[in-house]
Structures are given as structure tokens and as C-alpha cells.
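The values are calculated or read from the model by the stated rules, or taken from the named source; none is laboratory data. Since we're looking at a predicted model, the values are computed, not measured. So basically every Cβ, Gly included, is an ideal-geometry build from the backbone, and we count neighbours across all protein chains shown. Just so you know, the surface numbers come from the protein's heavy atoms only, side chains and all, with ligands and any DNA or RNA stripped out. Shrake-Rupley method; radii C 1.70, N 1.55, O 1.52, S 1.80 Å.
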Amino acid sequence: MSNTILTLAEKPAARWTEALGTLVLRSSIAGLRITPSVTYWLDFSTLDFDQALTFIDRIVATNESVPIVCMVSFPKDEDAFALLARGARGYCHVAAAPTQLRLVANTVKNGGFWLPASLMRRVMASADGLVAQISSSNAVSLDELTKRERQVANAVADGLSNREIAARLSISERTVKARLTSVFQKLSVRDRVQLALLLRGGVA
């Protein structure tokens, strides 16, 4: 499988070449033929965050089975979950060693997901809690939530970040956080990861 890196860098980092071999560098996806035989790596250390999200959306809209990996300078669980929900399959540090990059590449090209260990632990813990909650209640009801809280909860399930939710609903990020706190309490979930898993498990 070949690899295309979306970046503003003029040349590939040595570790990228060592790990992935021959690379194609692109600063835009304009005119780029999207194919599942290529893994697309997004260099968030050079790309504007919103621009990178646009790239992901366009790639996924063309073919949702295309492997996408996000390389970031400052990994955050919330961002990782949002990007994976958006359609990415991998999330790693932009300075990851060649050995790890090869593992990421092999994992995503075989249909798997590569997550930071901290996020993987949260997903597994949330999944365990989700199973228990669905076992005690056949479906999740949003009746207790206000209209705005439902909108925020559904946006989280769609993989949107707080900033994107604020923009979509024309409210402040502070208000988004307040609404989420209320949603967590009413639905008895710990965090946005468990909330998204719960909503995708079935809503009454």
C-alpha cells in the first residue's frame, strides 16, 4: 500500500521515509484521486485544524473505507475521539518513531484502528459501562434532556469538538461545556466517549 502525506512541509521527515518508504507529499487534496489502496496521513503540525477536518470529510465522502491517519504535535484524547468519529482510523504523535509508524500503517491498512493507550483505556472502560447500562435498560431515552442538550449530545455522537458544536449551534464553548455536564449527569455517563457510545447503541 502506498502512502500520501497531506502537509505543508517541503520535504518528508526522515522518519516518515524510513517507516513508510516512497511517499507522495501534497498540500491539498484538490485533483487528488482518492483510493482505498492508499493510506492518507495528515500532518496536523503544519495544517490548519479546520483545513485538516475538511480534508478528512472530503476523503470520507469519496470512500469511507479509505485509511486516514492523523499525526499531531500535542495528542489529546478529546481530539483523537473526534477525529476517529469523523472517519480517521489512526491517531499518533507527529514525531513518532519509525517502528511505531510502521505499526500504525500496518494496523490501519488491515482495517484496524490505532489509538493512544490512554484513549484505548477510556474506550474499553466506556464500552464495559455501556454494556451494563444497556443491559439494565433496553434503550437510551433523551426525554429528560432539553432541546439544546439533545442537540449538543447528538453533535458529540457525530464526533464534533466543543468548538465545532459551538459554531454549529451559535453558542459559546463555555455553554457547550455546561450543557455537556448536565447531559452527563442526566444520562449517567462519565465522559463524551461513553456518551457517544451510548447514543450509538440505541436511542428511544
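With 0.36 nm allotted per residue and the present C-alpha distance subtracted, the SER73-ALA178 stretch has 35.0 nm of extension available. The slack in the chain from LYS186 to SER37, taken as 0.36 nm per residue of separation less the alpha-carbon distance, amounts to 49.2 nm.
Calculate, for ARG163 and ALA117, the FRET efficiency according to 1/(1 + (r/R0)^6) with r their C-beta to C-beta distance and R0 22 Å; round to the nearest 0.05. Efficiency for this residue pair is about 0.30. Rounded to whole numbers, the Karplus 3J(HN,Hα) couplings from phi for the range 56-64 are 4, 4, 5, 5, 5, 5, 6, 7, 6 Hz, using 6.51 cos²θ - 1.76 cosθ + 1.60 with θ = phi - 60°, and x at Gly and Pro. Packing, as the average of other Cβ atoms within 10 Å across residues, places the peptides 158-169, 95-106, 110-121 in the order 158-169, 95-106, 110-121, highest first.
How large is ³J(HN,Hα), in whole Hz, for each residue of the range 13-23 in order, when computed from phi with the Karplus curve 6.51 cos²θ - 1.76 cosθ + 1.60 and θ = phi - 60°, using x for Gly and Pro? 3J(HN,Hα) across the range 13-23, in whole Hz: 5, 4, 5, 5, 5, 4, 7, 10, x, 5, 10. Counting only protein chain heavy atoms and rolling a 1.4 Å probe, the accessible areas of ARG33, ARG26, ARG192 rank, largest first, as ARG33, ARG26, ARG192.
Extension gain for THR62 to ASP50 (0.36 nm times residue separation, less C-alpha to C-alpha distance): 2.5 nm. The amide H of HIS93, built 1.01 Å from its N in the peptide plane, has VAL72 as neighbours under 5 Å, considering only residues 5 or more places off or on other chains. Accessible area per residue for the chain is 50 Å², calculated with a 1.4 Å probe on protein heavy atoms, without ligands, DNA or RNA. Within the accessible area of the range 53-121, the carbon and sulfur atoms contribute 54%, probe 1.4 Å, all protein chains present.
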